[in-house]
Amino acid sequence: MKTLVSGAIAALALATLPTAPALAGDLLYRAAPDSLTEDLSNKPYWMAQAQCAGFFGATSQYLDQTGDTDGARQAGELAVKFANDAIGRLMKDRKLTRAQAMDLISPSVLKARNDGATLVSTDTTSTSTWNFARSVCLDVADAYATQTRW
């Protein structure tokens, strides 16, 4: 199972991007050892949120194409929420304008959207890499909702 989890995280590229390193003011994600999200530990929230925005955007598009309009709507709402959270986090942590924050997250969102499209079109069963990536993103959202520094 650890291999699938690592594969899901690698597939989403949920790692520090060389063009957008964490800065001192960034709110960092703290994961428990051996959790689904341990590879994200000490990475900026905004980075994971941007990746998850792209992942759920790809999921929404795929579900729409398969006729699952309710699932597509729900995934689309998650994509927008993740993007807005990433933008808001950057505006708060780095004092960026909305446009600057959008420019910074765009490469992560687009890459994750492409990677997510491959995952979702391959397999969406409970043991699929797509489902593990989905779980990672939902764990990030749950942890972020509990943050008091906002």
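The conditions of being closer than 25 Å to Leu27 by Cα, hydroxyl-bearing (Ser, Thr, Tyr), in contact with a Gly (Cβ under 9 Å, 6 or more places away or on another chain) and crowded, with 22+ Cβ neighbours inside 10 Å are met by Ser108. Of all residues being closer than 14 Å to Ala31 by Cβ and not in a helix (DSSP H, G or I) in segment 124-150, which is modelled with the highest pLDDT? Just the residue, please. If we take residues in segment 124-150 being closer than 14 Å to Ala31 by Cβ and not in a helix (DSSP H, G or I), then Thr146 is modelled with the highest pLDDT. Counting the residues of segment 49-77 that are within 16 Å of Ala112 (Cα to Cα) and free of Cβ contacts under 8 Å to residues at least 24 places away in the same chain gives 3.
Among residues of segment 33-48 that are in contact (Cβ under 8 Å) with a residue 12 or more places away in the chain, those with a Cβ under 9 angstrom from a residue that is in a loop (DSSP other than H, G, I, E, B) and of a type in the set (Asp, Glu), sequence gap 6+ or separate chain, pair up as Lys43/Asp26; Pro44/Asp26; Tyr45/Asp26; Trp46/Asp26; Met47/Asp26.
Within the set Ser41, Ser35, Ser106, the sole residue that is farther than 23 Å from Thr127 by Cβ, hydroxyl-bearing (Ser, Thr, Tyr) and out of contact with any Leu (no Cβ under 9 Å at 6 or more places or on another chain) turns out to be Ser106.
Lys81 meets each of the listed conditions (1) under 12 Å from the mean Cα position of the chain (by Cα); (2) crowded, with 18+ Cβ neighbours inside 10 Å; (3) over 20 Å from Asp123 (Cα atoms) apart from (2). Filtering Ala86, Ala72, Ala79 for residues that are over 20 Å from Ala145 (Cβ atoms) and touching a Phe, Trp or Tyr at 6+ places or on another chain (Cβ under 9 Å) leaves a single hit, Ala72. Among the residues that make up segment 25-38, is at least one of them assigned to a helix (DSSP H, G or I) and in contact with a Cys (Cβ under 7 Å, 6 or more places away or on another chain)? No, because not a single residue in segment 25-38 is assigned to a helix (DSSP H, G or I) and in contact with a Cys (Cβ under 7 Å, 6 or more places away or on another chain). Please enumerate the residues belonging to segment 59-74 that are assigned to a helix (DSSP H, G or I) and surrounded by fewer than 23 Cβ atoms within 10 Å (Cβ to Cβ). If the condition is that a residue be assigned to a helix (DSSP H, G or I) and surrounded by fewer than 23 Cβ atoms within 10 Å (Cβ to Cβ), then Gln61, Tyr62, Leu63, Asp64, Gln65, Thr69, Asp70, Gly71, Ala72, Arg73, Gln74 are the ones that fit. Taken across segment 102-123, residues that are free of Cβ contacts under 8 Å to residues at least 40 places away in the same chain, among the hydrophobic types (A, V, I, L, M, F, W, C) and part of a helix (DSSP H, G or I) do occur, with at least one present. Is there a residue in segment 58-65 that is in contact with a helix residue (DSSP H, G or I) (Cβ under 6 Å, 6 or more places away or on another chain), closer than 23 Å to Leu28 by Cα and of a type outside the set (S, T, N, Q)? For segment 58-65, residues in contact with a helix residue (DSSP H, G or I) (Cβ under 6 Å, 6 or more places away or on another chain), closer than 23 Å to Leu28 by Cα and of a type outside the set (S, T, N, Q): absent.
Looking only at segment 116-139, residues that are of a type outside the set (Gly, Ala, Ser) and surrounded by fewer than 20 Cβ atoms within 10 Å (Cβ to Cβ) come to 9 in all.
The values are calculated or read from the model by the stated rules, or taken from the named source; none is laboratory data. Quick caveat, the model's predicted, so the values are computed rather than measured. Glycine also receives a Cβ, built like all others from the backbone with ideal geometry; neighbour counts cover every protein chain displayed.
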